[in-house]
Structure formats: C-alpha cells, structure tokens
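Taking it in order: structure first as structure tokens, then the write-up.
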Amino acid sequence: MKNIKVLILDIDGTISGKSNHVNDRVKKAINQVKNRGIKVGLATGRMYSSALRFHEEIEANLPIIGYNGAWIQNPETSEILLHKPVNHNIAKEIISYFKDKQIEHDIEIHLYFDDKLYVEKITKNTEYYVDRSGTPANLVENFNSLLQENPTKILASSLDSDLITQMLTELKNIYHEEEVFLTQSNPIYLEVTDTGVNKGMAVQYLTEKILGYSRAEIMTIGDNFNDLTMLKYAGFSVAMGDAPQEVKDITSTVTQDVENDGVAHVIDRLLIE
C-alpha cells in the first residue's frame, strides 16, 4: 500500500461510535499514518461546524468535506472551497412531501443554511441530534420564510427505518438524478443534496483538482450508503464490519466495526508496516 497518499475517513460509524468521540487507539493509528506522509481528511454527512471537532481531535490536515459533499471548507483559512446547495424550488417540493407524510407519521425535518440548522419544532429527537452534533437548532415558524435561497441540505429523520426506506424509494421515483441526490447516512436519516453532490464527487474534487493526486493514491473508509460513492471512487476502499452488505460488496476489503476500532485495525494491517 505504498502508493496511498491520501486517507479519507467518514465520521459516524467509522471513527466515532456510541461515545461520539474518537477512541485513543484510532487516534494513534491515524497519527502513525500522518507520520508516514499520508494526508488525512474527513468526509461526512455532518455540518462543517459539527465535523470541526473531529477534524481537531484526529489532527486532520486536509479540508473538511461536509454535508455529504455539498460543502468543502479549509479549517486553516476558513475558506469555502466548494458549496453546491439544493435548488430552492425543488427544496420546497420535497419539504412539502415530507410534511404530507408528517400527517400520519412521526418525521422530523431539518433544513441547513449557511452552516446553521433550522427546524420548525424542537422535540426530544431534535435535542438528541443537537447534543450529538454539538450545534444549536434555530427555530422558525415556517421553512418557507427561508426558501427564497438555496439550502445546503435537507434531512428527514424517523425512528421508523422502513418509512425512511419507503420515502427514499418514492422520492427516487419522483426526482431524476439530474435534479437531486438522495441517500441514507444511517437507517433513520434520509438526506437530500443537489444533483451530482455526493462524497465521491467531493473526494475527487478535493484530491484531484485541488491537491493533484490520482484516484489510485486515495484510500477511503466508510460504513453506510452515503459512503458508497467515495468507496467506489477510491483506488482502495474499506467497509466497516457492520456496514450494509451492499456497501461491503463494492469495497476492496472489510475491517471490524467502529466499537472494535476497525479503522485502527485496517491501518495497522495495510498502512503501517
């Protein structure tokens, strides 16, 4: 694996598990990687402001890819290198679809503008999300007051994972890939970004266009469906041990799960000789 020059890591379910922190063993392994001259960065569905703590925790040395690829920002300079928001007209339609579902189902809708989270009501699930993300929720009476501009991302959450899968399927039948990108970051989150926006696109943009590396020099590690595109893109890819089978099937290898420090295991096995 001497050809690997860049390591891109997902956060939730990959370097951070139930504790919402990075275990010391994983941090040590990442530090060894950096000492060998390999650059390390994060690609996450989280907001930039939510991902920043993890960037600092592992002392990453690349810009942060946030919002599943819709936002790339350099923490060293605060420069936003890429921002691709959702068209506000499509956003209005999708939020209307989610609100129709809310009549019969328990669904929360999150809207993201300027790296801030907006909600129409605050529930226990919202409080849990805010606590885990480390970012406040801004309460608005109606999302329409915001939708004169293009939002970075829309997220719908429900503890009913079957409902999330159903809504994902229905929306994919309504909207073409040329209009929006739809994915799941975990079984209870459905995420909406602009067309062409995904982690694979963002990793390619950062590593090839900004940094000048080739695909063969990139290694990515992830655990869920929103990681599929960056796992497919990388010259070498790793799925976490508890990833869905569809994710495991397209990766170069599989490691242990996050609670068993899978990232450290695969780094020790492949990158540290």
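Some points to look at:
- Selected residue (criterion: farthest from ALA51 (Cα to Cα)) from residues of segment 123-135 that are touching a strand residue (DSSP E or B) at 6+ places or on another chain (Cβ under 9 Å) and open to solvent by less than 90 Å² (accessible area, probe 1.4 Å): THR123
- Members of segment 83-121 that are hydrophobic (A, V, I, L, M, F, W, C) and open to solvent by 70 Å² or more (accessible area, probe 1.4 Å): ILE103
- Only residues that are assigned to a loop (DSSP other than H, G, I, E, B) and surrounded by fewer than 22 Cβ atoms within 10 Å (Cβ to Cβ) were counted in segment 217-243, giving 3.
- Count - residues of segment 142-178 that are in contact with a helix residue (DSSP H, G or I) (Cβ under 6 Å, 6 or more places away or on another chain) and in a helix (DSSP H, G or I): 1
- Qualifying residue in segment 209-216 (condition: closer than 30 Å to TYR118 by Cα and crowded, with 16+ Cβ neighbours inside 10 Å): no
- Only listed residue being within 18 Å of the chain's Cα centre (by Cα), aromatic (Phe, Trp, Tyr) and farther than 20 Å from ASP12 by Cβ, chosen from PHE98, PHE113: PHE113
- Total residues in segment 61-82, condition open to solvent by 30 Å² or more (accessible area, probe 1.4 Å) and either touching a Ser or Thr at 6+ places or on another chain (Cβ under 7 Å) or assigned to a strand (DSSP E or B) (or both): 2
- Taken over segment 244-261, the criterion of being surrounded by 24 or more Cβ atoms within 10 Å (Cβ to Cβ) and in contact (Cβ under 8 Å) with a residue 40 or more places away in the chain is satisfied by VAL258 alone.
The values are calculated or read from the model by the stated rules, or taken from the named source; none is laboratory data. Since this is a predicted model, take the numbers as computed values, not measurements. All Cβ positions, even for glycine, are placed from backbone atoms using ideal geometry, and neighbour counts span all protein chains on display. For the accessible areas, the whole protein counts, side chains as well, though only heavy atoms, and no ligand, DNA or RNA atoms are used. Shrake-Rupley method; radii C 1.70, N 1.55, O 1.52, S 1.80 Å.
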